[in-house]
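Colleague: Before we start, here is the structure in question, set down as structure tokens.
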Amino acid sequence: MDFEFNEDQRAIEQMADSLFVDHCDDEFMRQWDSRGEPMMSELWNLCVETGLHALAIPEEQGGSGLGMTELMLVLQAQGRSLGQVPLWRHQLAAATLTLFGGARGADWASQAASAEGLLSLSLDGLVAAHGIELQATAEGQGWRLEGRVAALALGQQARAALVLAAVDGQPRLLMLDLHAAGITRVPGVLTHGEAVADLQLKAVCVEGDCLLPEAALAWLEPRAIAALAALQLGVSAEQTRRTVAYVSERLQFERRIGSFQAVQMSMADAHIALEALRSNLWQLCYRLDAGLPAPSEALATAYLACEAGHRIGHNAQHVHGGIGVDLTYPIHRFLYWSRALALALGGSAASLERLGDWLSDNDKLGWKYDLEEHQAL
């Protein structure tokens, strides 16, 4: 079995690494913290120039038509550099609209591929304590929308978004023109610097084809989990690398603190958590690209991403000591990102509970059930 990435995938990974590393050095990040900008516009323009903004958008809409593996490699590079650009939401929203959104969705996806319009999406209602706060009621040939969408990423800047609406008590994806009458947007900023907006909808009427079929959510959710986990992998890998470099130089009692057994064990635990996430994420992306079902793999990856973010973030802050809470030192940014990503995934406890529910209802788990009987022997 060959687990190596192919030549094209390596080229994409190297290009993304170079782009993000060159742009997002520590000095730039210190300056950007004080700018109050919704996203890194110059970096986003570079992503558009290199085509990284449309890797996962189907070719018929003007994208590259690549899969989750390629997108994962780019998102890892983004996570390592903490680049504040909307790569995964923009692309996965466009890909979903191409597959399930009909002519209107295809048009929005084409605009996304050409960077004429920015797309966003929110699946937070699946994991939020309040659940889905937007209600869709049939009215004539369309739908009447009432309620709220909390903290939509780049809700002020995006042209349109995929949001969750409750239809007869069930979650459904809805195409929403963010400039439609009846939508009030209240901007805000999350702790890690991501610009968001709360949407308040009052008597908003949309056409019938704006509600996507049930299959759309089942297709999108595991890919959204993979994207968030890839970002977490990048954040945690760089967090670990920087921490190892720090403990290899920091002296205490005339010894490098990296030589203390407790520090070594702490960093070993971080490495184990990182590699567990990596192997599960790669498996998830492989299955998604191969067209195989991956509900349990997605939930396991979500759990491990939350756990890795918490464990590695805690260990990194702990061994850095007082300098770890100094905002002029860069390590705190990685903690903010890892916490934000874990919240977006719903947290480890909620992910584990959902995985347990799935396992209680399914008695077939493992690679052999994807193969013909003679192949699985």
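Colleague: So which residue, out of W282, W337, W32, gets the largest mean-square fluctuation from a GNM of the chain using Cα contacts under 10 Å as springs?
Modeller: Sorting by GNM fluctuation, first place goes to W32.
Colleague: Name the longest site-free stretch of the chain, where the excluded sites are trypsin sites (Lys or Arg not before Pro) in a DSSP loop with no more than 10 other beta-carbon atoms within 10 Å.
Modeller: The longest such stretch corresponds to 36-363.
Colleague: Along the charge dipole of the chain, which of G346, V189, G131 sits closest to the positive end, that is, farthest toward it, with unit charges on the beta carbon of Lys, Arg, Asp and Glu (+1, +1, -1, -1)?
Modeller: About the Cα centre, the residue reaching furthest to the positive side is V189.
Colleague: If you don't mind, there's one more thing I want to ask. Run through every distinct alpha carbon pair of region 1-90 and return the Kirkwood hydrodynamic radius in angstroms, one decimal place.
Modeller: 13.8 Å
Colleague: Something else now. Can you pull out the chymotrypsin sites (Phe, Trp or Tyr not before Pro) in region 238-271 whose DSSP state is coil and whose Cβ has at most 10 other Cβ atoms within 10 Å?
Modeller: F253
Colleague: Based on alpha-carbon positions alone, could you give the equivalent ellipsoid semi-axes of region 271-348 from the gyration tensor, as √(5λ), descending, whole Å?
Modeller: After diagonalising the Cα gyration tensor, the semi-axes are 29, 11, 10 Å.
Colleague: Springs between alpha-carbon atoms under 10 Å, Gaussian network over the chain: tell me which of E70, E207, E27 tops the mean-square fluctuations.
Modeller: Between E70, E207, E27, it is E27 that shows the largest mean-square fluctuation.
Colleague: With runs of 4+ DSSP H residues as the only contributors, calculate the mean residue ellipticity of the chain at 222 nm using -39,500 (n - 2.57) per run, divided by the residue total and rounded to the nearest 500.
Modeller: My calculation for the chain gives -17500 deg cm²/dmol from helical runs alone.
Colleague: Taking a probe of 1.4 Å, how large is the accessible area per residue of region 219-377, in Å²?
Modeller: Working: 8180 Å² over 159 residues.
Spelled out: the 1.4 Å probe surface of region 219-377, per residue, equals 51 Å².
Colleague: What helices does the chain hold that run 27 Å or longer along their axis, going by alpha-carbon atoms, with a Kyte-Doolittle average of -1.0 or more, using DSSP H for the helix calls?
Modeller: What comes out of the filter, once short or polar helices are dropped, is 214-247, 261-289, 295-320.
Colleague: Need one value: the accessible area of H271 in square angstrom, 1.4 angstrom probe, rounded to the nearest 10.
Modeller: Near enough 100 Å² of accessible area.
The values are calculated or read from the model by the stated rules, or taken from the named source; none is laboratory data. It should be emphasised that the depicted structure is a prediction, and the values quoted were computed from it without experimental measurement. Cβ sites come from the backbone with ideal geometry, for glycine too, and all protein chains shown count toward neighbours. Only protein heavy atoms, including side chains, enter the accessible area calculation; ligands, DNA and RNA are left aside. Shrake-Rupley method; radii C 1.70, N 1.55, O 1.52, S 1.80 Å.
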